[in-house]
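Visitor: Before anything else, here's the structure in question.
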Amino acid sequence: MESIVSLCGRPLAGLATAACLTISKAAQTVEDQRDGILRAFERTGGNGGTRPSERLLEETRATAVTLATLDVDDVDREVLYRVRL
């Protein structure tokens, strides 16, 4: 069982966005990867900053490949595709 201190690797602070949107552990891992990329992008200045690093671009590509080959149910797959937009 997940710790009450965190849900899906995210602290409970800001509970409105802390919970995972997917059910399976595999899909939650992809959510965490996506969140890490978004946080790193924000640290580089977001849309108004410099061009994303090659590392961030490569992580984004790797996450897309993972998503394309992920063995999860249709509900989790649909959620992951929607949130990646």
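The values are calculated or read from the model by the stated rules, or taken from the named source; none is laboratory data. This is a predicted model, so every value here is computed, not measured. All Cβ positions, glycine included, derive from the backbone under ideal geometry; neighbour counts span all protein chains shown.
Visitor: Tell me the helices (runs of 4 or more DSSP H) entirely within segment 1-78 that contain at least 2 residues that are modelled with pLDDT of 60 or more and either in contact with a helix residue (DSSP H, G or I) (Cβ under 9 Å, 6 or more places away or on another chain) or surrounded by 12 or more Cβ atoms within 10 Å (Cβ to Cβ) (or both).
Guide: Once the helices (runs of 4 or more DSSP H) in segment 1-78 are filtered for at least 2 residues that are modelled with pLDDT of 60 or more and either in contact with a helix residue (DSSP H, G or I) (Cβ under 9 Å, 6 or more places away or on another chain) or surrounded by 12 or more Cβ atoms within 10 Å (Cβ to Cβ) (or both), what remains is 25-43, 54-69.
Visitor: Cβ contacts < 7 Å: first residue farther than 11 Å from SER24 by Cβ, restricted to segment 58-85; second residue not in a helix (DSSP H, G or I), any location; separation 6+ or different chain. Result?
Guide: Short answer, once both residue conditions are applied: VAL83/LEU21.
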